[in-house]
Structure formats: C-alpha cells, structure tokens
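Values quoted throughout were computed directly from the atomic coordinates according to the rules given, and no laboratory measurement underlies them. This is a predicted model, so every value here is computed, not measured. A quick note on method: Cβ atoms are made from the backbone with ideal geometry, for glycine too, and the neighbour counts reach across all protein chains shown.
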Amino acid sequence: MTIEHGIIKGDFSLDGRLELQGIATGSIVVLAGGHLVLGGICSRNVTVEEGGTAIIRGIVSGDVVNHGTLEISGIISGNLSSQAGKTLVASGAVINGVTA
C-alpha cells in the first residue's frame with residue numbers, strides 16, 4: 001500500500017491501494033479493486049464504486065456516496081448516500097449532513 005503524507009491536487013480515481021495521511025484538494029473516486037484509507041483530509045467528495053473499499057478515519061469536507069464497502073470512524077461534513085454495498089458507521093463518527 002502506498003502511503004501519501006503530502007498534497008494531492010485535483011480530482012483523481014483510485015484502482016490501487018492508497019493510505020492518504022495528507023490532503024486531497026479534489027474529489028476521490030475509488031474504483032473496483034481500489035482501496036482507500038483516508039486518515040487525512042479530502043477537501044471535496046468521495047465516491048466508492050462497486051468493488052471498491054474506503055475507510056474514512058479522517059475528514060471529508062464534501063459528500064460521500066457508497067456503492068462498495070465503506071467504513072467511517074472520522075468526520076463527513078456533507079451528506080452520506082449509501083445507495084448500495086455495505087456501510088459501517090462506528091460510534092464516535094460524525095456525519096453533519098443527511099444520511100440516505
């Protein structure tokens with residue numbers, strides 16, 4: 001797994017394994033086969049496609065949309081939409097927007 005402590009500028013898609021301890025300034029799309037561990041900050045949205053996995057321990061400033069596997073123990077400032085797949089929200093996690 002690649003660990004990134006710096007800044008990733010702009011939107012990007014992920015089909016590999018990434019642990020982000022830094023900052024993503026754009027939106028992140030986790031594709032099938034992708035695995036994201038977010039310990040840092042995503043300044044926009046996170047979308048998890050079918051077959052993708054995301055573990056949110058840090059902060060997402062925008063919305064999160066899940067079609068894959070999602071674990072949340074951090075903070076989502078926007079809305080959470082779990083349209084398909086599996087979503088686990090740990091006690092202590094914060095979701096400031098609407099959960100659907």
So the strands (runs of 3 or more DSSP E) completely within segment 1-83 holding 3 or more residues that are among the acidic types (D, E) and within 18 Å of I95 (Cα to Cα) are none
Restricted to segment 57-100 and to residues being within 12 Å of the chain's Cα centre (by Cα), touching a residue at least 24 places away in the same chain (Cβ under 8 Å) and closer than 20 Å to G16 by Cα, the residue surrounded by the most Cβ atoms within 10 Å (Cβ to Cβ) is G68
